[in-house]
Amino acid sequence: MTIEVKNLVKKFGSFKAIDGVDLKVDNGELLALLGPSGSGKTTLLRIIAGLDWPDSGEVSFNGEDALAQGARERHVGFVFQHYALFRHMTVFENVAFGLRVQPRAIRKDEATIRARVKELLDLVQLDWLADRYPSQLSGGQRQRIALARALAIEPRILLLDEPFGALDAKVRKELRRWLRSLHHEINVTSIFVTHDQEEALEVANRVVVMDKGRIEQIGSPDDVYESPATAFVHGFIGESIELPVHIAGGVIRLGDRPLRLAADGLAPGASKLFVRRHDMLVGPPGSGAFEGAVQHVRNFGPVQRAEVALSGGETIEIDAPRDRELRVGDSVGLQPRRYRIFAG
Amino acid sequence: MTMQIADSVSLSTSEAKARAHAAAARDNLRTEPRAVRIVVIALAMIFLTVFVVLPLVVVFAQAFSRGILAYLAALAEPEALSAIKLTLLVAAISVGLNLAFGLVAAWAIAKFEFRGKTFLITLIDLPFSVSPVISGLVFVLLFGAQGYFGGWLRDHDIQILFAVPGIALATTFVTFPFVARALIPLMQEQGTQEEEAAISLGASGLQTFFRVTLPNIKWGVLYGVLLCNARAMGEFGAVSVVSGHIRGETNTMPLLVEILYNEYQFVAAFAIASLLAMLALITLIAKSVLERHLHEGDELRDD
């Protein structure tokens, strides 16, 4: 099933939750909608599911207009952030719900329903919880039951809203890997919403980065990390150092200080310079584009994170390998291995 | 100082000390002296005994003052039986109507946003803020011989006032808020996610209501019905205005109690009153059971 969204707009009062979004999702894809809270990603997901309606724009599934159908007819599996399991039903009945409410003409008989639910509970590896109530499950178990419930109706599309948002870090990592292999197994077109970049980069085939109701970049996890298209994407994905610079006459300046960095092809004016924390190489004073003094050092496993006060007045955080110990008070030269400059 | 001593003694003693300390700290939080506390509690108990327990005891004492046979005989009077029947009928009608109205109103208020919502909520509370006698008079003004619809009703030979329909209408009006009031906060707190999940799984509106919404609010519904029923059976003011006090026909139990009392038939009056008192006791017990279930629901909630 392919999904196509064209020029979508959704307002809540005067607030534009979605501000002209175009998106194409290929058959069998596992797509991540990534963005900070308030970026419109959940609203976009709810519109695709039919739980919200756009003010203008188109949504189509396999080329056929989806907005002509209600949520009930769209045959979309939706997994809610807080699971929304039916609290008065057992796990078994929760998963069976979608099968039991089918119109009488196509409803399966009880034995078929039971077999199907059993199969789904096996798929999410929780068949031993069939008789429990949602309140008796852990967060991770509830999430997997919610997924099994959504899969019961053999959805054409699977939509997941912050699927791991309410779980602790360890369970979250396990479930991520599990979701990816599950998607591999069932291969249904899936979109999941997350504000966690690591989650998006690790699980998805393709990542859509959103901000303020607009799409900033669409690309593979490598694309959005290695070649961010906008300042927002660079700042949002990966840990970045952001410095306000000024370009004039082929020279990049930080404050009054000219930086020894190539300015070829860059438009003059105020710009932002982005460097990944680990791309800032530390050398002796005078060896790089920046000069600074180490103010604070902490060790994080393989790297040491140092706070460096640049002579231009800014303070930045860098990640350096631990082969050369940094000490508070050291004067250092810093040279970015790679950097990007965005106008504005 | 305490710390130094605790360091030198064994662990269990220090734990015991810590516990004693905590208890002392708790006591210290209550700044009132012991005597004040005793006086306040005693006042509350005396007040409750004089104003609540004593009247209840008197009702039963009077009802049984000539023995159990006189009591049963009083209840077996045709007038008494007719009043009991009428009360049950009126309660059934008004509880049924208010259950339907209350569910619809609470559903609309809790699950949808619309213009005039605040006004609707205020309107639901209106019967609580108006004196029941006024509520009854409204129906007299509407349906009485000189009322707006009086002529039309007479022409078509429809009897509303001084008959069962009038009594049922007045009772329904007075007891309207109970079910809606019990459900609105409950439904607002539960939100709409489970309903959204049901619809995305292919359930129709009715399936969603009966399989998801209703089971989630069933204890709240029972709670509202219970209170609504208690008030419907006990309502005096509004019913008194519209009933016409036709003996054996339009007297409900509360009305009959008053009539019998005014005729110095104390045993009969208190016998009927004792039934209403028992209804109150049963309501209280059922209410505390239901409240426990409502709170169980709290623990079952996700997160």
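The values are calculated or read from the model by the stated rules, or taken from the named source; none is laboratory data. This structure is a prediction, so every number in the text was calculated from the model and none was measured. Neighbour counts run over all protein chains shown; Cβ positions are idealised from the backbone, glycine included.
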- [ ] Taking the options A:Leu8, A:Leu51, name whichever one is in contact with an Asp or Glu (Cβ under 7 Å, 6 or more places away or on another chain) and either acidic (Asp, Glu) or in contact (Cβ under 8 Å) with a residue 12 or more places away in the chain (or both).
- [x] A:Leu51
- [ ] Only residues that are under 17 Å from A:Leu8 (Cβ atoms) and surrounded by 11 or more Cβ atoms within 10 Å (Cβ to Cβ): list them for region A:58-74, please.
- [x] A:Glu58, A:Val59, A:Ser60, A:Phe61, A:Ala66, A:Leu67, A:Gln69, A:Ala71, A:Arg74
Open item on the list: If the requirement is being assigned to a strand (DSSP E or B) and either touching a Cys at 6+ places or on another chain (Cβ under 6 Å) or of a type outside the set (Gly, Ala, Ser) (or both), which of these qualifies: A:Val328, A:Val294?
Closed with: A:Val294
- [ ] Could you please find all residues in region A:266-286 being more than 32 Å from the chain's Cα centre (by Cα) and part of a loop (DSSP other than H, G, I, E, B)?
- [x] A:Pro268, A:Pro284, A:Pro285, A:Gly286
Task: Residue ranges of helices (runs of 4 or more DSSP H) in region B:215-303 with at least 3 members more than 14 Å from chain A (Cβ to nearest Cβ) and of a type in the set (Val, Ile, Thr) - done: B:237-243, B:266-300
Task: When residues of region A:301-316 are limited to those that are within 30 Å of the chain's Cα centre (by Cα) and among the small types (Gly, Ala, Ser), the one farthest from A:Val332 (Cα to Cα) - done: A:Gly301
Open item on the list: If I ask for residues that are in a loop (DSSP other than H, G, I, E, B) and under 21 Å from A:Val245 (Cβ atoms), which ones from region A:301-322 would you list?
Closed with: A:Ser311, A:Gly312, A:Gly313, A:Glu314
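Working only within region A:63-79, note down all residues that are within 10 Å of chain B (Cβ to nearest Cβ) and over 18 Å from A:Leu120 (Cα atoms).
Across region A:63-79, the qualifying residues are A:Gly70, A:Ala71, A:Arg72, A:Glu73, A:Arg74.
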Task: Filter result for the condition that a residue is within 11 Å of chain B (Cβ to nearest Cβ) and either farther than 27 Å from A:Lys173 by Cα or in contact (Cβ under 8 Å) with a residue 24 or more places away in the chain (or both), over A:Ala96, A:Ala115 - done: A:Ala96
- [ ] Go through region A:252-269 and give me each residue that's surrounded by fewer than 14 Cβ atoms within 10 Å (Cβ to Cβ) and among the hydrophobic types (A, V, I, L, M, F, W, C).
- [x] A:Ala262, A:Ala267
Open item on the list: Considering only residues that are farther than 16 Å from B:Gly248 by Cβ, among the aliphatic types (A, V, I, L, M) and exposed (fewer than 14 other Cβ atoms within 10 Å of the Cβ), which ones fall in region B:57-106?
Closed with: B:Val57, B:Val58, B:Ala61, B:Ile68, B:Leu69, B:Leu72, B:Ala92, B:Ala100, B:Val104
TODO: Check whether at least one residue in region B:199-217 is surrounded by fewer than 22 Cβ atoms within 10 Å (Cβ to Cβ), at pLDDT 90 or above and of a type in the set (Gly, Ala, Ser), and report yes or no.
DONE: yes
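Per-residue answers, yes or no, for (1) more than 22 Å from A:Gly235 (Cβ to Cβ); (2) of a type in the set (Ser, Thr, Tyr); (3) surrounded by 18 or more Cβ atoms within 10 Å (Cβ to Cβ):
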site	(1), (2), (3)
A:Ser271	no, yes, yes
A:Met280	no, no, yes
A:Val297	yes, no, no
A:Ala306	no, no, yes
A:Leu334	no, no, yes
- [ ] Pick out the one residue from B:Glu196, B:Glu189 that is surrounded by fewer than 24 Cβ atoms within 10 Å (Cβ to Cβ), assigned to a helix (DSSP H, G or I), without any contact (Cβ under 8 Å) to a residue 60 or more places away in the chain and within 10 Å of chain A (Cβ to nearest Cβ).
- [x] B:Glu196
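From A:Gly38, A:Gly50, which residue is on the phi > 0 side of the Ramachandran plot and at pLDDT below 90? Break it down stepwise before answering.
Working: A:Gly50 fails: at pLDDT below 90.
Result of the check over A:Gly38, A:Gly50: A:Gly38.
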Task: Cβ-Cβ under 6 Å pairs, at least 6 apart or on other chains, region B:285-303 side within 18 Å of B:Gly191 (Cα to Cα), far side at pLDDT 70 or above - done: B:Leu294/B:Trp219; B:Leu300/A:Arg87; B:Leu300/A:Ser135; B:Asp302/A:His82
